[in-house]
Amino acid sequence: MANDLGSQHQGRLSLSSRQVPLPIGEWTVVGHGTNKLVSGAPGAFGMIENTILARRVDGRIDALIEINVNRLPVSNGWGSANACSAKDGLATVAFYKTGVDGFCLFVQPTELGAPNAPGPDAWLAARPLLHEGASPPSDLWLTVGFRVSDRRDVLDVRYHFDPSRLNLQPVPAQDWKLEAVLKAPDRYAAVNQLTTWGGLAAGLVQDGFWNSLSEQTATAALPNPWEVAISADTANGHPSTAATGRVSATARVDALDKLLASGVISAADHAAYLKAINDENAKPPPNPDDYYRLLGFKVISFNFFRVSVDYILAFVVTVNSLISGYITATIVATHSVAQVFNDMWWDNYIATQANSNTVDFVYIGSRSEGVS
């Protein structure tokens, strides 16, 4: 079987009708077992399959992969992982989220280098391997994690990397708190490097969840995070908003050129599609500032309309401009305050509901014993 202890893999690992993309190198299954829930109602989740892979370089483990998948489908989704929305996470990206499915990326530190580092049963059996070699492992490793799920299935995969491979010196755990990282250029750049790598891997992780990774991944594995070239702006926390990978402008133009050369599309179609790509690139994507600016315009325009109507109605009743103005001002002030508190209540309610369905398992570095 693919997850037999000692089995070796390159490019990808197939597990319970899902596939996990592997960074370059030879990966060995060093732990396999079942896992438990630590949050969320136990429900009809069935058995959680837990597999741990390790990669050795120069006689010591420099990276681990921790995988959790379900064996029994459910009918109402798997919720989200706490790490997907953790306020103290080093980086989080929510690609999409609904009531029954979601896909997120997160970067966080994980304390797994201690001889007694906690985790699922599969990890406890594999943990001694980390301490083989002339020098002890780093106490704290850096994790790039993904959680993708639909109404029936879930894939939770976490890539753990030795920070020494990113040329980082060992520091106390508190120095990997978000506030401390923001003040440390080397750690800040490392987080941005890992986030960039996560963006590169995200498409493959999602394809693997659907069991649709191409055969090329067996020979064209993911690069290591420290091998991914990023710009100085990205390393310093100012990444480009341009799309990358197969949705980048260059990749799309190359695909159009191939379609034209093969006769699938005409020259006129090629020119029209090319113009559309250039038009997209000329207009920057929307950002939160654009949203709030538009929201401000909507509030102003609506209040202008409401004030006008309130004043006219008050004047029709009182036939007095001063009294009408007073009545209008009172109505606007009262309604504005009520609207603000109403919006705040609903925002809090929606956020609470969105975070209420959190389903986590026992992870490497986790001290929870599980509930199922």
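The values are calculated or read from the model by the stated rules, or taken from the named source; none is laboratory data. None of these values were measured; they are calculated from a predicted model. All Cβ positions, glycine included, derive from the backbone under ideal geometry; neighbour counts span all protein chains shown.
All of (1) surrounded by 15 or more Cβ atoms within 10 Å (Cβ to Cβ); (2) more than 23 Å from G25 (Cβ to Cβ) hold for K183 with one exception: (1). Residues of the range 93-109 that are surrounded by fewer than 18 Cβ atoms within 10 Å (Cβ to Cβ) and assigned to a strand (DSSP E or B): V93, A94, F95, Y96, K97.
Tell me, please, whether a residue that is of a type in the set (S, T, N, Q), farther than 27 Å from D139 by Cα, part of a strand (DSSP E or B) and at pLDDT below 95 can be found in the range 71-92. For the range 71-92, residues of a type in the set (S, T, N, Q), farther than 27 Å from D139 by Cα, part of a strand (DSSP E or B) and at pLDDT below 95: present. The residues on offer are D62, D58, and the sole one that is more than 22 Å from the chain's Cα centre (by Cα), surrounded by fewer than 17 Cβ atoms within 10 Å (Cβ to Cβ) and not hydroxyl-bearing (S, T, Y) is D58. Considering G31, G89, G59, the condition of being at positive phi and not charged (D, E, K, R) is satisfied by G59 alone. Within the range 83-131, how many residues turn out to be of a type in the set (S, T, N, Q) and free of Cβ contacts under 8 Å to residues at least 40 places away in the same chain? Number of matching residues: 4.
Given the residues R127, R147, which is the only one that is farther than 23 Å from F45 by Cα and among the charged types (D, E, K, R)?
R127
Within the range 127-136, the set of residues being surrounded by 21 or more Cβ atoms within 10 Å (Cβ to Cβ) and in contact with a strand residue (DSSP E or B) (Cβ under 8 Å, 6 or more places away or on another chain) comprises just one member, L130.
Selection of the range 338-365 for residues being modelled with pLDDT under 75 and over 30 Å from L112 (Cβ atoms) yields Q339, V340, D343, M344, D347, N348, Y349, I350, A351, T352, Q353.
All conditions in (1) in a strand (DSSP E or B); (2) farther than 20 Å from D360 by Cβ hold for V20, with the sole exception of (2).
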